[in-house]
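For reference, the structure discussed in these notes is given below.
The values are calculated or read from the model by the stated rules, or taken from the named source; none is laboratory data. For clarity, every value in this text was computed on a predicted model and none was experimentally measured. Virtual Cβ from ideal backbone geometry, glycine too; neighbours counted across all protein chains shown. Please note that ligands, DNA and RNA were not included when accessible areas were found on the heavy atoms of the full protein model with its side chains. Shrake-Rupley method; radii C 1.70, N 1.55, O 1.52, S 1.80 Å.
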Amino acid sequence: MPPGPGDPARSDEERLAYRSAFVRVRTPAIDTLTTSVRTLMILGRHQETTARPSLIVTGPAAAGKSTALLHVGRACHLVRTQSHPLPTPSAPDCTSAEFICS
């Protein structure tokens, strides 16, 4: 709730906490972007001799490009960590090149 009349102004920390708590809304554009990125990731996984598929996201300032890509990155990260849980630090293979690059 915003401060009432006569209440002291919020501190910078309170303002930042309020701004960082905004809920992101799934829109058709974000769903399309998520699907496109996931498809390109699957296609790129099997490209060894040619350039991997890529995606360019363009649009006017404040259109939500960074927010959409953060959402897609978070979704991809969650899928990856659910299907490939990180090994415990005591596991011998957690420092191998295969683990780091996969």
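At-a-glance table
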{"item": "Cα→Cβ-extended label distance, 7 Å offset, between Q47 and E14, nm", "result": "5.1 nm"}
{"item": "Residue-normalised accessible area of segment 1-53, expressed per residue, 1.4 Å probe, Å²", "result": "90 Å²"}
{"item": "Length added when fully stretched, L40-A75, from 0.36 nm per residue minus Cα-Cα", "result": "11.2 nm"}
